[in-house]
Amino acid sequence: MSFNKYHQLIESSYSKDHAMKFMDNILNNEQADIIQQSCKDIQKMLPPQPFACALLSATLVEFCRIKGIHAYLVAGTLHFNGKLLFNYDPIIETDNMVDNWNGHCWVIFNNTIAEISLFRTAYSDQSPVWLGEMITDTFGSNRGALLESMNEMEQFGLLYTPQYVFSDQHISGLLNTVEMMVSKIHNIPLDPTTSRVASPIPGFPYAIF
């Protein structure tokens, strides 16, 4: 059910060609290693703040696409062991950043999901105690990211229900924010000739990360 839903959403936000490539491109071991390393690099690059799923996931999409891996940014609902953790809020479809947004984002590769933000949120003292306890009881502490098939995620108790796939233009807007954060945190000046802030081009190949 979810797999077909992803196909429909990708076709709606991109094209039939994108949707067909999504169906055909199954991750191999080398690509999985690249994604896992990208998750580590992104989490080192950005501070460990909770509720940053859109920014972290958009950055992972960018890293993967630069490496030639088909990746899409998804928003929807997330249940854990039958309990609703994050509901879907359609406002994310029109605003790049929404204060106190209560939704969730993840990255999809064919039948594989990358979850790069859940642990940061669960371990944070800004999150409900019950969330931290539920996640820690199942996964332990100090986890960074998950890269598992849809079926494996469900075996862990995680049920992802897609509602929206972000377009390149929307991802570019999120990455503008990420780029400015990285520039400020690491004291890296923005180059006006290549910066997304100055030239928001989808697929941006000159990332400063």
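With (1) under 23 Å from LEU84 (Cβ atoms); (2) modelled with pLDDT of 90 or more as the list, and GLY144 as the residue in question, which single condition is left unmet?
All conditions are met except number (1).
Keeping to segment 104-128, report how many residues are more than 11 Å from the chain's Cα centre (by Cα) and part of a loop (DSSP other than H, G, I, E, B).
Summing the residues that are more than 11 Å from the chain's Cα centre (by Cα) and part of a loop (DSSP other than H, G, I, E, B) in segment 104-128 gives 7.
Hey, can you tell me all the residues within segment 3-61 that are closer than 14 Å to ASN111 by Cα and in a loop (DSSP other than H, G, I, E, B)?
ASN25, ILE26, LEU27, ASN28
Can you find a residue that is in contact with a Lys or Arg (Cβ under 6 Å, 6 or more places away or on another chain) and touching a residue at least 40 places away in the same chain (Cβ under 8 Å) anywhere in segment 171-178?
Taking every residue of segment 171-178 in turn, at least one turns out to be in contact with a Lys or Arg (Cβ under 6 Å, 6 or more places away or on another chain) and touching a residue at least 40 places away in the same chain (Cβ under 8 Å).
The values are calculated or read from the model by the stated rules, or taken from the named source; none is laboratory data. Worth saying up front: this structure is predicted, and the values here are computed from it rather than measured. Virtual Cβ from ideal backbone geometry, glycine too; neighbours counted across all protein chains shown.
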